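Every number in this text was worked out from the coordinates using simple rules, so none of it is lab data. Bear in mind the structure is a predicted one, so any value in this text is a computation, not a measurement.
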Amino acid sequence: MKKGLGEYIISFSSLKPGRYEYEFEVDDTFFEHFEQTEITHGSLAVKLEVQRQPMMLALAFNITGEVELTCDRCGDLYRQPVSGHRRLVVHIGGEERNTSTSSLSCLPRSGAFIPKMKTANRAVIRK
């Protein structure tokens, strides 16, 4: 039975302006929720700093750990150490949309949640 993604979701509408820190572990059960991704197994530690402002969120992800990948040459599986830092600015208000830059997103004011690991997963894949 898959664990839900609930532990990876932040309700930004309930956050008052200020700075918040989150830490959590990501394992294979997280990756099971995403189809068509090259990462299906891994063990990651994620630290997330959220700076909440009235119309904006500034997110800073720090990710360390390792993921299992397939070797391009021989096809064998191997463990790849990963680490990375990713910043994301989220404008609150207007329509939900992605901008031409990968570091800026827009959410409707009525939206209640940010799936924080969805963003972190993309940062790991791009690394």
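For Val82, the residues whose modelled amide H falls within less than 5 Å of its own, excluding neighbours fewer than 5 places apart on the same chain, are Gly65, Glu66, Val67. Between the amide H of Thr40 and those of Glu68, distances stay under 5 Å, these residues lying 5 or more places away or on another chain, with hydrogens modeled in the peptide plane. Between Thr29 and Met55, the contour length at 0.36 nm per residue exceeds the alpha carbon distance by 6.0 nm. Within the stretch 41-80, all pairs of alpha-carbon atoms sorted by distance into 10 Å bins from zero give the percentages 26, 29, 22, 16, 7, 0.
Annotation: extensible slack from Thr37 through Arg79 equals 13.5 nm (criterion: 0.36 nm per residue apart, minus Cα-Cα distance).
Taking 0.36 nm per residue of sequence separation and removing the Cα-Cα distance, the Glu66/Lys47 pair yields an extension gain of 5.3 nm.
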